[in-house]
Amino acid sequence: MRSLQVQAMAASHWQTKAARETLLQRARMLKNIRAFFDERGVIEVETPLLSHFASTDPHLDSLQSCFREQHCYLNTSPEYAMKRLLADWQQSIYQICKAFRDDELGPYHNPEFSLLEWYRIGFDMPQLMDELEQLIKHLCQLSPHISIDDAGFERLSYQQAFETFAGINPHQANARQCYQLALEKGIEIPQGLGPDDDLGQWLDWLLMQLVLPGFAKERFTFMYDYPASQCALAKTAVNEQGITVAKRFELFFGEVELANGFHELTDADEQLSRFQQENRARQQAAKAQNPIDENFIAALKSGLPECSGVALGLDRLLMVFTRSRAIEQVLSFSWENS
């Protein structure tokens, strides 16, 4: 028998928490995204949400399932499968899909969320940043709450952002200097993060505590040229100061992350090495090592064209357009009432 508690909960949870106009605006946003890419000859594709393989990223955890007694995983993004199509087709593509992450639950996080991901053959990182800016401006026409003339876009290198808002050069600093800076600024230091710990962890913490809060609240900000240690699936290159950086960018509105993009790595051996290194990092963090997507590595070996790609969180973008304070306000049903 169904319990009275379950029945009572269903009676108060069956309706959406999103306003009708917000869901209509979501529909218009999806329609306009498709029109934007159709004009540019970028082809819409679909790839599986369920895979034999999982992300090795130590900062991400895949949701697991089981099919015919085989472990399988819901994708954290469609990236690997889309690059397999790129290697096969040699054609610029995009996808609007659901992605899943076993992550925190909060105002900007839901375990199931909507992504727009696209790859442009022959584009470098600045060209893809330009196209993302054009897309946002195109979609801003839908929103009565955002004037693109008032909001605008700013571009800062990772180094410029840290020097401006934290007072350090992230490419030259060490963990002990980051620790000392946190003490001087009165920043709470997470338990287990000490002066001899990983520099990347320190930079991530200072980014959240000092850098992002410094971004203009009503503007879109691109941050690019990340430390080489944060390259993930991006190429690396030597910048004007002779420093090796990752050709990676992120887009923020205020301090809210909206998009993450790369000038894509095409070297299969280097990518496999990075995946193996990420699995070692997972092991050190007492996390399970995840199976590497061998189909993706095989696609890289066959020849991925020179391209750049980006993933844009559509739920968060809709939050910006509607001035919503919680992700559940832009979803038909969030985890809490799914």
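Look at residue 208 and say whether it is under 30 Å from residue 134 (Cβ atoms) and surrounded by fewer than 18 Cβ atoms within 10 Å (Cβ to Cβ).
When the stated conditions are applied, residue 208 passes them.
When you check residue 14 against the structure, is it surrounded by 12 or more Cβ atoms within 10 Å (Cβ to Cβ) and either aromatic (Phe, Trp, Tyr) or touching a residue at least 60 places away in the same chain (Cβ under 8 Å) (or both), yes or no?
It is false that residue 14 is surrounded by 12 or more Cβ atoms within 10 Å (Cβ to Cβ) and either aromatic (Phe, Trp, Tyr) or touching a residue at least 60 places away in the same chain (Cβ under 8 Å) (or both).
Pick from 255, 270: which is free of Cβ contacts under 8 Å to residues at least 12 places away in the same chain and closer than 21 Å to residue 227 by Cα?
270
Cβ contacts < 9 Å: first residue among the basic types (Lys, Arg), restricted to region 109-135; second residue not in a strand (DSSP E or B), any location; separation 6+ or different chain. Result?
120/40; 120/42; 120/92; 120/127; 120/128; 120/131
Only one of these is modelled with pLDDT of 95 or more, closer than 26 Å to residue 33 by Cβ and either surrounded by fewer than 15 Cβ atoms within 10 Å (Cβ to Cβ) or of a type in the set (A, V, I, L, M, F, W, C) (or both): 249, 321, 333. Name it.
249
The values are calculated or read from the model by the stated rules, or taken from the named source; none is laboratory data. Quantities reported herein were computed from a predicted structural model and do not represent experimental measurements. Every residue, glycine among them, receives a Cβ derived from its backbone with ideal geometry; neighbour counts consider all protein chains shown.
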